[in-house]
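Quick notes on the structure that follows.
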Amino acid sequence: MSNPIEPATSTSDPNSAPSPTILLHPRREPFEHGLLPIQKLVFTDPVQALTPLKQRFSSSSTPRVGLAVLSDALHISTDHARLILETLSSVLHSESDPLVTASPDDVDSVGADLRDLILFLYIQSYKRLLPRSHKDFAAVADVWPSTSAFDGFLSALSPLQLVRSNTRRFMPSQADEEAHQLSYLQKHLANILSLLSEPVEGEGEESMVLTMEGFEHLGFLIQFGDKGSEGVPLSQASPFFANSDPDMPAVPVPSSQVHDWLLEIIASSLEHVSEKNSAKESDSASSSDQDVAMDDASPSSAKASQSARSPFFIEGISKSSYVKQASNLNNSSVKVINCHDSVVYVLAPLRYATIYGCSDATIVLGAVGKAVRVEHCERVHVIIASKRVCIVNCRECLFYLGVNQRPLIVGDNHKLQVAPYNTFYSQLEEHMTEVGIVATINRWDEHLALGVVDPHDSLSHPAGVADAQTEPATRLDPDQFTNFWYIPKWFEGELTGSTRNNPFPLPDPYFTSQQRNQKNLGEIQQILREAPLEENRKRELSCALHVYFKDWLYASGNIRQLYCLQGE
C-alpha cells in the first residue's frame with residue numbers, strides 16, 4: 001500500500017478566511033446552454049448514480065469516454081449520446097480540450113474527458129430559476145393566445161406571457177440567476193468535490209484528496225474575478241496550488257480543505273450579489289415605477305454590459321432596425337431580448353447567442369462558434385451561421401440555418417420551418433474561420449426533436465405530459481426559398497472582406513428553385529420592357545404590381561427589411 005498523501009503546503013493558509021477581494025462566479029454557459037431535457041440524465045441522487053459510472057469509465061484503457069461506451073453506460077440511444085458529447089463540447093471551459101478542437105465528424109471518436117463528463121451529467125439535476133409572480137398575472141396571461149393542448153400546463157412554468165407584458169421587471173435578472181447558480185453550487189459542492197477526488201490510504205475526511213488536475217476541472221463550473229478566468233489556470237487562484245513548482249507534480253490536497261475554502265468564498269460571493277441586487281432595486285424604486293410600452297422602445301434600449309464575462313444585451317427594439325458589428329462588440333456573447341416588428345443584425349464572431357421573447361422580427365446572426373438558443377419567439381425569421389442551435393417553445397418561426405451539428409428542438413413548439421442558410425456579408429467567412437464553423441457541413445434539416453416538458457423546470461407536471469414529444473419542424477418548400485440580400489449599405493460599406501457569396505452550398509432542390517426564379521424574373525422583366533402598352537395601361541400595370549408586391553412583403557415578413565432604409 002502507498003503511504004498517505006500529505007496536504008500541500010503554501011504561503012497562504014487554506015483554513016484562513018479568504019481575502020474579501022476574491023469573488024467566485026458560476027460559469028453561465030453550462031447552465032444556459034448545457035442542460036439537456038433527457039429524463040434519463042436527471043438523477044434523483046447524482047452521487048449514487050454517477051460514482052459507479054465514474055468507476056466504470058476509469059477502468060477503461062483510455063481516459064476519455066467515447067460514443068459507444070457512453071451510450072451503453074447510460075442506456076441511451078447513440079443519437080442522445082452524440083448529443084451529450086456535442087453539447088459538452090460547446091460549454092467546456094478549456095479551448096484546448098480535444099473535444100473542442102475536434103472536427104464535427106470526429107466528435108464521436110474523440111470522446112469526453114471523464115471528469116468534465118461527470119460534472120456535465122451532475123448538473124443535469126439543476127432546476128432553473130422561475131420568473132417572479134406578476135402583479136397582474138391575469139392580465140398578462142391574456143397576452144399570449146392559447147392554441148396548444150399543453151398551454152394549461154406549460155404557461156405556469158414558462159415566462160412566455162411575461163416576456164410579452166412590456167416589462168422584464170418580473171423576469172429573473174442576470175444577478176438573480178447568478179445567485180441561484182451560486183446557491184446550487186453551495187448546496188452541491190461536497191458532492192461535486194467527491195466525484196472529482198481520489199481515495200488514498202487514511203481514515204475519515206483525509207482519505208479523499210484532490211489533485212491539481214482535478215481541481216482545474218472545477219473550471220467547468222466556476223471562475224474567479226469579474227473578468228472571468230479564461231486563459232488563467234484555476235489552480236493559480238487558489239492557495240493550494242498557486243506556488244507549486246512547475247517542474248514537480250503538485251501534492252494533492254484533502255478535499256475537505258478545498259471544500260471549506262470554497263464554501264467561504266461562495267458565501268462571500270452570494271453576499272456580494274445580494275448587496276448589488278439591493279442597490280439596483282433601490283435605484284429602480286427611486287425612478288419611475290411605470291412600465292415602458294413596447295411602442296416607445298427604440299434602438300437606444302439596447303444596452304452594453306459592464307463586465308467582459310456578461311453578455312451584450314440588445315433589448316426592446318421595436319419597428320426599427322439595429323446593427324452591431326465586430327468593431328464595437330467586445331463581448332463574446334449576445335442576448336437579443338424582447339424585440340418586435342424589427343430587423344436586428346449582429347454581424348460579428350461570437351461564442352454564444354440567445355434570442356428570447358421576440359416576435360414579428362428578422363434576426364441575422366453572423367458566426368456563433370459555440371451555441372445559439374432561440375426561446376419563446378413567435379413569427380420570427382432567424383438567419384444563423386453557428387456550430388449548433390437549440391430551439392425552445394417557439395411558434396410560426398422560420399430558421400435559415402448554416403449549422404455543423406444537428407439542430408435541437410425542445411418544448412412546446414408549433415409550425416416551425418427550417419431552410420438552408422440564405423445570406424452573406426463581406427466578413428462572414430473570416431468570422432466563421434475565427435470561431436471554427438465549417439461551411440462544407442450543414443445539418444440544417446437533420447433536427448433532433450425531444451420532449452415537450454423540460455425536466456430542468458422547477459414545477460411538476462401532470463402524468464403523461466412529460467412523455468410527449470415536441471412537434472418537429474418542416475422543411476421550407478424550395479419554391480418559397482428566397483435569398484436575404486439586404487445587408488445595410490450604411491454598415492457594409494465600413495467593412496472589407498473576401499465573402500462574395502453564401503459560403504454554405506445550397507441543396508439541389510433549393511439551388512434549382514433559385515436558378516429558376518432568377519430566370520423567370522429576367523424573362524418577366526424583358527416582357528415588361530418590350531410590352532407595347534399605352535401610358536395609362538403601363539400605369540395600371542405598375543399599380544397592380546405594387547399592390548401584389550406590397551401583399552408579398554407583408555405575407556413573407558420581408559416588410560421588415562424596409563426598416564433598414566431608415567439608416568441610409
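The values are calculated or read from the model by the stated rules, or taken from the named source; none is laboratory data. Note that this is a predicted model, so its numbers are computed, not measured. Quick reminder, even Gly has a Cβ in these numbers, built from the backbone with ideal geometry, and neighbours come from all protein chains shown. Keep in mind that these areas ignore ligands, DNA and RNA; they rest on the heavy atoms of the full protein, side chains included. Shrake-Rupley method; radii C 1.70, N 1.55, O 1.52, S 1.80 Å.
Points to keep in mind about this one:
- ALA17 at pLDDT below 95, among the hydrophobic types (A, V, I, L, M, F, W, C), open to solvent by 40 Å² or more (accessible area, probe 1.4 Å) and part of a loop (DSSP other than H, G, I, E, B): yes
- Between VAL251, VAL232, the distinction of being open to solvent by 50 Å² or more (accessible area, probe 1.4 Å), in contact with a helix residue (DSSP H, G or I) (Cβ under 9 Å, 6 or more places away or on another chain) and at pLDDT below 90 belongs to VAL251 only.
- One residue stands out in the stretch 531-541 among those that are loosely packed, with under 11 Cβ neighbours inside 10 Å and not acidic (Asp, Glu): the one that is modelled with the lowest pLDDT, namely ALA531.
- Check on LEU528, surrounded by 13 or more Cβ atoms within 10 Å (Cβ to Cβ), hydrophobic (A, V, I, L, M, F, W, C) and either without any contact (Cβ under 8 Å) to a residue 40 or more places away in the chain or farther than 30 Å from ALA348 by Cα (or both): yes
- Residue list for the stretch 83-102, restricted to those being open to solvent by 50 Å² or more (accessible area, probe 1.4 Å) and out of contact with any helix residue (DSSP H, G or I) (no Cβ under 6 Å at 6 or more places or on another chain): GLU95, SER96, THR101
Every residue, every condition in (1) small (Gly, Ala, Ser); (2) open to solvent by 50 Å² or more (accessible area, probe 1.4 Å); (3) more than 27 Å from the chain's Cα centre (by Cα); (4) modelled with pLDDT under 90, yes or no:
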residue	(1), (2), (3), (4)
ARG27	no, no, no, no
HIS33	no, no, no, no
PRO52	no, yes, yes, no
PHE57	no, no, yes, yes
SER61	yes, yes, yes, yes
GLY66	yes, no, no, no
ASP72	no, yes, yes, no
THR78	no, yes, no, no
ALA81	yes, no, no, no
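- Sole exception among (1) closer than 21 Å to TYR510 by Cα; (2) open to solvent by 10 Å² or more (accessible area, probe 1.4 Å); (3) in a loop (DSSP other than H, G, I, E, B) for TYR400, by number: (3)
- Among (1) buried (at least 18 other Cβ atoms within 10 Å of the Cβ); (2) more than 18 Å from the chain's Cα centre (by Cα); (3) modelled with pLDDT of 75 or more - the single one GLU446 does not satisfy: (1)
- Only a single criterion out of (1) modelled with pLDDT of 95 or more; (2) surrounded by fewer than 22 Cβ atoms within 10 Å (Cβ to Cβ) is not satisfied by LEU459, namely (1).
- Count of residues meeting criterion [farther than 20 Å from ARG351 by Cβ and either open to solvent by less than 10 Å² (accessible area, probe 1.4 Å) or of a type in the set (Gly, Ala, Ser) (or both)] in the stretch 411-433: 9
- Here the stretch 320-364 is the region considered, the condition is being among the hydroxyl-bearing types (Ser, Thr, Tyr) and open to solvent by 30 Å² or more (accessible area, probe 1.4 Å), and the residue that is nearest to CYS397 (Cα to Cα) is TYR356.
- Here is the figure for the stretch 365-380: residues that are open to solvent by 10 Å² or more (accessible area, probe 1.4 Å) and touching a Cys at 6+ places or on another chain (Cβ under 6 Å) total 1.
- Flag not set for ALA190, criterion: surrounded by fewer than 19 Cβ atoms within 10 Å (Cβ to Cβ) and at pLDDT below 95.
- Restricting the first member to the stretch 27-51 and to residues that are closer than 13 Å to ARG373 by Cβ and part of a loop (DSSP other than H, G, I, E, B), and the second to residues that are at pLDDT 95 or above and β-branched (Val, Ile, Thr), the beta-carbon pairs closer than 9 Å and six or more apart or on different chains are GLY34/THR87; GLY34/VAL91; GLY34/ILE123; LEU35/THR87; LEU35/ILE123; LEU36/ILE84; LEU36/THR87.
- For the stretch 101-153, the candidate set comprises residues that are acidic (Asp, Glu), out of contact with any Leu (no Cβ under 8 Å at 6 or more places or on another chain) and at pLDDT 50 or above; within that set, the residue that is nearest to THR51 (Cα to Cα) is ASP106.
- Inspection of the stretch 173-184 finds no residue satisfying the criterion of being buried (at least 19 other Cβ atoms within 10 Å of the Cβ), in contact with a Gly (Cβ under 8 Å, 6 or more places away or on another chain) and at pLDDT 80 or above.
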